[in-house]
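What follows draws every value from the coordinates through simple rules; no lab data is involved. Being a predicted model, the structure only gives us computed values, none of them experimental. Neighbour counts are summed over all protein chains in view; Cβ atoms, including those assigned to glycine, are modelled from backbone coordinates with ideal geometry.
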Amino acid sequence: MLYGEKTRLRPPEMTDLDNIMAWINDREVTRNLAIGFWPLSRKAEEAWLAKTVEGSDPRNRVLVIEDLQGTYLGSIGLHDIDMRSGVAEVGIVIGRKDYWGKGYGTDALRTLLRFAFANLRLRKVYLKVFGSNARAQKSYAKLGFKVAGRLKEHELKEGEYEDVIYMELFRDELK
């Protein structure tokens, strides 16, 4: 388990399924995720969770985010981990809307980044964020992420084309 100041990160378990189902089809939560806009069935999410719990893909690792009292908040992960180049993409979701804007996501991301840089010896982590997601951009910048590029009107989201911003953080830039 990894501990931050407000959160702890732990491996996912099949018992997390009900917590995931509580938010996975809530468009307010998922509108900024790469999972698309189709509703997800319990069976489909259970299959994804089983694969994630198994941990058979070393290039993609997901952890559950909890507060320090053990309340399930969401998930965070490193994806497309390239150990040779020392880079990975990070993704995060706080599914519990009552925890939004209170620093839990920033703390969880800082905790994962410290682990990734120190223990996995990654040199850079990057992410993609929609141009309209100002709250996430502010959180990422607080940790030291910088804009690396912007794809104008790149993805269709809810009937509108959205910019996709790439942000990156090098090991020695983590705040």
Pairwise Cα inverse-distance average, inverted: Kirkwood Rh of the stretch 94-169 (Å): 13.6
task: Rank L127, L78, L33 by mean-square fluctuation in a GNM of the chain with C-alpha springs under 10 angstrom and give only the top-ranked residue.
output: L33
- prompt: Between Y166 and D82, what is the label-to-label distance in nm when each label sits 7 Å out along the Cα-to-Cβ direction?
  reply: 1.0
statement: Note to self: C-alpha centroids of the stretch 96-149 and the stretch 1-62 sit apart, in Å, by 17
- request: Report, ordered by chain and residue number, the lysines lying within cross-link reach of K142, taken as a straight Cα distance under 20 Å and ignoring same-chain residues fewer than 8 apart.
  value: K6, K102, K124, K128, K175
task: Under a 10 Å cutoff between Cα atoms, tell me which one of E46, E13, E160 has the largest fluctuation in the Gaussian network model of the chain.
output: E160
message: Defining a contact as two alpha carbons under 8 Å apart and six or more residues distant in sequence, what relative contact order in percent does the stretch 46-175 show?
response: 18
message: Under a crude label model (7 Å from the Cα following the beta-carbon direction), how far is A34 from S132 in nanometres?
response: 2.0
query: When the scattering of the stretch 53-141 is computed by the Debye formula from its Cα atoms alone, each counted once and equally, what is log10 I(q)/I(0) at q = 0.23 Å⁻¹?
result: -1.25
message: Just want the ordering: Y166, Y3, Y72, from fewest to most Cβ atoms lying within 10 Å of their own Cβ.
response: Y3, Y166, Y72
